[in-house]
Amino acid sequence: MTSVTVNTYTHSVTYVADNILKSMKDIVRLSGLDPANLVDSWADKMKALQVWLGSRHLETVVLEIFDPANDALVGRWDMDVIYTTGAGDGGFWTDTEQIKYHIRKAGLAPSEARYRLLLQNKTGRPDVEGWGTAQYRSTDGFVRQSLGSTIEHNGLGGSTAYWRKT
């Protein structure tokens with residue numbers, strides 16, 4: 001019985017990690033930004049997501065969009081990770097339409113904008129090569145808009161939000 005639970009959780013980790021990255025790529029692309037930076041390091045990001053989802057240390061995946069001229073935040077997308085018992089119906093889904101709707105609502109990023117992906121973890125997380133600590137840009141002057149649950153796989157999922165200027 002234990003092997004079935006572990007196997008199911010491993011599938012959940014793979015599904016959720018893959019769909020987090022696909023959602024972030026959609027956000028980047030539909031915001032008018034070049035997804036090359038994200039796509040070029042896809043394997044490294046996938047490894048970190050899988051390790052930290054698997055160990056249950058990953059809390060939030062953050063996509064910061066910023067102005068490189070002054071390093072100020074232009075916009076931000078968060079995907080909070082939700083860990084539950086998995087006692088549901090075993091369903092899996094990703095609500096890409098809801099994410100796309102809110103990307104259009106947030107609007108295009110300025111053409112000069114850049115972005116970076118940050119992974120926020122609980123203390124005690126295992127190390128993943130190439131990943132360390134980082135400082136988040138200030139969200140002063142922004143308000144967080146929640147979309148609710150956008151990814152689900154057997155009790156492991158993600159709830160998305162974006163930050164817009166007040």
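Coordinate-derived values only; no laboratory data. These figures come from a predicted structure and were not determined experimentally. Don't worry about glycine lacking a Cβ; one is built from the backbone with ideal geometry, like all the others, and counts go over all protein chains shown.
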(i) 63, 38, 30; (ii) 50, 35, 26; (iii) 55, 33, 28, with the label sought being that of the calculated Cα extents along the principal axes in Å
(iii)
Counting other Cβ atoms within 10 Å, keep those with at most 14, restrict to DSSP loop, and tell me which GluC sites (Glu not before Pro) in the stretch 64-166 are left.
112, 129
Between residue 55 and residue 136, what is the label-point separation in nm under the 7 Å Cα-to-beta-carbon projection?
2.0
Extension gain from residue 145 to residue 129, taking 0.36 nm per residue of separation minus the Cα-Cα distance
2.5 nm
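For the stretch 2-165, please report how many Lys pairs fall under 16 Å Cα to Cα, leaving out neighbours fewer than 8 apart on the same chain. Numbers along the way, then the final one.
On the way: 22/45; 22/47; 22/100; 25/45; 25/100; 105/165.
Pairs that pass both the separation and distance tests number 6.
What order, most packed first, do the peptides 138-147, 69-78 have when packing is the mean number of other Cβ atoms within 10 Å of each residue? Please report the intermediate quantities before stating the final value.
On the way: 138-147: 12.1, 69-78: 16.3.
Going by the mean number of other Cβ atoms within 10 Å, highest first, we get 69-78, 138-147.
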Residue-wise HN-Hα coupling along the stretch 63-76, computed from phi with Karplus coefficients 6.51, -1.76, 1.60 (Hz; x: Gly, Pro):
10, 9, 10, 9, 8, x, 5, 10, 6, 8, 5, 9, x, 8
So what are the ³J(HN,Hα) numbers for the stretch 128-135, from phi and the Karplus equation (6.51, -1.76, 1.60; θ = phi - 60°), rounded to whole Hz, Gly and Pro as x?
10, 4, x, 10, x, 7, 8, 9
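Can you compute the helix-only [θ] at 222 nm over the chain? Use -39500 (n - 2.57) per DSSP H run of at least 4 residues, normalise by all residues, nearest 500 deg cm²/dmol.
It comes out at -11500 deg cm²/dmol, rounded to the nearest 500.
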Which residues among the stretch 10-29 fall inside the zone where the amide N is under 15 Å from a point 7 Å beyond the Cα of residue 46, along Cα→Cβ?
11-25
